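As structure tokens, the structure follows; a few thoughts come after it.
The values are calculated or read from the model by the stated rules, or taken from the named source; none is laboratory data. In this text, all values refer to a predicted model and were calculated from it rather than measured experimentally. Methodologically, a virtual Cβ is constructed for each residue, glycine included, from the backbone with ideal geometry; neighbour enumeration extends over all protein chains shown.
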Amino acid sequence: PPRPPPKPGPGEHPLQYNYSYWFSRRTPGKQTTSYDQNLKLVASFASVEQFWMYYSHLVRPGDLSGHSDYHLFKDGIRPMWEDSANKSGGKWIIRLKKGLASRCWENLVLAMLGEQFMVGEEICGAVVSIRYQEDILALWNRTAYDQVTTSRIRDTLKRVLNLPPNTIMEYKTHTDSIKDNSSF
Amino acid sequence: GTRLIYDRSFLLECRNSPLTK
């Protein structure tokens, strides 16, 4: 059923866009549910204060167990390749050593909510993926072939994430991810 | 139109605002 869009409360600081927070987890063993079915909407919000209210109650990504993902996407964009906002897009992928996910995710989220990327409508959302050996951040944008935009996003990511100098950043189009079936 | 740009330190300040509680 359609949800009413969230609205900033009195005195709150509105965000440029409304966002939705999603969670997914792959259960061990045979996969009987689709990616779509695993995706759970946690909350939608329209202001800085609403974001903190939800965020402060969520388990930090670095403290999640198993094969789990948080997805923070602009309201109206599902965190899936098939969504019309994503189908010509791609993502920057940053692999993190264990222990960095919570801090880096917060820095990424604050930069996105605060409109620090300065690429117009290009940003779709961000994902943090908790895995066994390493954790992975991804920032999705609409237009994979737009190199001016993807370079600008990379430069801002480097600035806001404050990553170790040897961190590798990789850009991948969603079309390529579909072809090689890589979904982490 | 004007974009609503917030830097990290401002967003962190809002975390402690009474409105967030």
Can you list residue pairs whose Cβ atoms sit under 9 Å apart, with the first residue in the stretch A:114-128 being touching a residue at least 60 places away in the same chain (Cβ under 8 Å) and within 12 Å of chain B (Cβ to nearest Cβ) and the second being surrounded by fewer than 19 Cβ atoms within 10 Å (Cβ to Cβ) and not in a strand (DSSP E or B)? Count only pairs 6 or more apart in sequence or on different chains.
A:Glu115/B:Arg3; A:Glu115/B:Leu4; A:Glu115/B:Ile5
Residues of the stretch A:47-79 being within 11 Å of chain B (Cβ to nearest Cβ) and in a strand (DSSP E or B), in sequence order, are A:Ser47
Could you figure out which of (1) of a type outside the set (Asp, Glu); (2) within 24 Å of A:Arg152 (Cα to Cα); (3) modelled with pLDDT of 95 or more; (4) in contact with a Phe, Trp or Tyr (Cβ under 9 Å, 6 or more places away or on another chain) isn't true of A:Met80?
(3)
Hey, does the stretch A:131-145 have a residue that's surrounded by fewer than 19 Cβ atoms within 10 Å (Cβ to Cβ), within 12 Å of the chain's Cα centre (by Cα) and away from every other protein chain (no Cβ under 14 Å)?
yes
Criterion first (among the basic types (Lys, Arg), buried (at least 16 other Cβ atoms within 10 Å of the Cβ) and away from chain B (no Cβ under 14 Å)) does A:Lys87 satisfy it?
no
Qualifying residues in the stretch A:44-61 (those that are in contact with a Lys or Arg (Cβ under 8 Å, 6 or more places away or on another chain) and in contact (Cβ under 8 Å) with a residue 12 or more places away in the chain) - the one surrounded by the fewest Cβ atoms within 10 Å (Cβ to Cβ):
A:Ser44
The correct count of residues that are among the acidic types (Asp, Glu), surrounded by 17 or more Cβ atoms within 10 Å (Cβ to Cβ) and outside any loop (DSSP other than H, G, I, E, B) in the stretch A:8-43 is 0
Residue pairs within 6 Å by beta carbon, gap of at least six or interchain, first lying in chain B and facing chain A (nearest Cβ under 7 Å), second basic (Lys, Arg), listed first then second, are none
Just one of A:Gly114, A:Gly120 is modelled with pLDDT under 95 and out of contact with any Pro (no Cβ under 6 Å at 6 or more places or on another chain); which is it?
A:Gly120
Within chain B, considering residues that are of a type in the set (Gly, Ala, Ser) and either modelled with pLDDT under 95 or farther than 17 Å from A:Glu115 by Cβ (or both), the one surrounded by the fewest Cβ atoms within 10 Å (Cβ to Cβ):
B:Gly1
Do we find that A:Glu12 is within 14 Å of another protein chain (Cβ to nearest Cβ), in contact with a strand residue (DSSP E or B) (Cβ under 7 Å, 6 or more places away or on another chain) and among the acidic types (Asp, Glu) in this structure?
yes
Check A:His174 against each of (1) crowded, with 17+ Cβ neighbours inside 10 Å; (2) closer than 24 Å to B:Arg8 by Cα and name the one condition it does not meet.
(2)
